[in-house]
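Below: the structure, in structure tokens.
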Amino acid sequence: MSRLESVLDILQRFYGALPSPPRDPFRLFVWEVLSGHSTPRKRDAAFAALRRIRALTPDAVGRAPQKKLEDSVALAGPYAEQRLRALRTGVDRFKRSADLTAVIRGPLTAAVRALRTLPQVNEAGAYRMLLFAADHPVLPVDFAISRVARRLGYGAENVDPTTCARSVRRALVRELPRNPEAFRRAFLYLSNHGSATCTERDPHCSVCPLLTDCPYGRMKLQALN
């Protein structure tokens, strides 16, 4: 068992079962649009509201009453107008390309090219769609995962964000079995740990289950003592 797999086992015991992003490509696109500049709690509230008004397919979004659609999206927080525009653009993209789902689940190069046409889907979002909606064994590296990994000693330091994400991804992937389930587990637990405990400001190192294996956490607590 690799060091990373041991880390994931510890996090899984600490946090228990975690909810996964949607597996349907369009629903996951909606989830991505709601996630930007939001919090998991607000995003999930907005997503649940769209589910209640049955607006989680391209056709259903187009038929949904405008006021109900606006109220649902607004639950995600600011930038509601931008989110609504992104949803409409995405609806059009999914409708015009009936094979989009098949393309995403096909060869990786074509899948990435297709995802770049969707609004508000950045590199980490594209990797999430490839992993959760298309079963590609790729690892999304968002800010939370990058922060956790670097504090644990994975990836290069003092490089620009894009290079850092790629360096972290390479380092983590080397220690994972090459199957989508392993990659999904790594994303869920590392990202959740970065949001819940290993936060950017004032990380909760004293209660962190990874403290004994975390150079950053040990150094931080030593400085406080």
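The values are calculated or read from the model by the stated rules, or taken from the named source; none is laboratory data. Here the structure is a predicted model, which is why all the values come from computation and not from measurement. When we count neighbours, we look across all protein chains shown, and the Cβ atoms used for this are built from the backbone with ideal geometry, even at glycine. We work out accessible area using only protein heavy atoms, side chains counted, and drop any ligands, DNA or RNA first. Shrake-Rupley method; radii C 1.70, N 1.55, O 1.52, S 1.80 Å.
In deg cm²/dmol and to the nearest 500, what is the mean residue ellipticity at 222 nm of the chain if only DSSP H runs of at least 4 residues count, each as -39500 (n - 2.57), divided by the residue total?
Counting only the DSSP helices, I get -18500 deg cm²/dmol.
In whole Å, how far is the Cα centre of the stretch 46-73 from that of the stretch 86-102?
Spelled out, the Cα-based centre of one part sits 16 Å from the other.
Arrange the residues HIS136, HIS204, HIS193 by how much accessible surface each exposes, largest first, with a 1.4 angstrom probe.
Putting HIS136, HIS204, HIS193 in descending order of accessible area: HIS204, HIS136, HIS193.
Using a Cα-Cα cut-off of under 18 Å, which aspartates and glutamates could be cross-linked to LYS42, ignoring same-chain neighbours fewer than 8 residues away?
Output for LYS42: GLU32, GLU70, ASP71, GLU81.
Choose one answer from ARG88, ARG52, ARG43: the residue with the largest mean-square fluctuation in a GNM of the chain with alpha-carbon springs under 10 Å.
ARG52
Take GLN66, project a point 7 Å from its Cα along the Cβ direction, then tell me which residues of the stretch 86-101 have their backbone nitrogen under 17 Å from it.
What the label zone holds, given the 17 Å backbone N cut-off, is 86-89.
Which entry is the computed Cα extents along the principal axes in Å for this structure: (i) 73, 37, 35; (ii) 98, 30, 26; (iii) 59, 36, 32?
Computing Cα extents along the principal axes in Å and matching it to (i) 73, 37, 35; (ii) 98, 30, 26; (iii) 59, 36, 32 gives (iii).
Near LYS95, which lysines are there with a Cα under 27 Å away, not counting those fewer than 8 places off in the same chain?
Filter leaves LYS67, LYS68.
What is the spin-label model distance, in nm, from ASP24 to THR162 if the labels are put 7 Å beyond Cα along the C-beta direction?
3.5 nm
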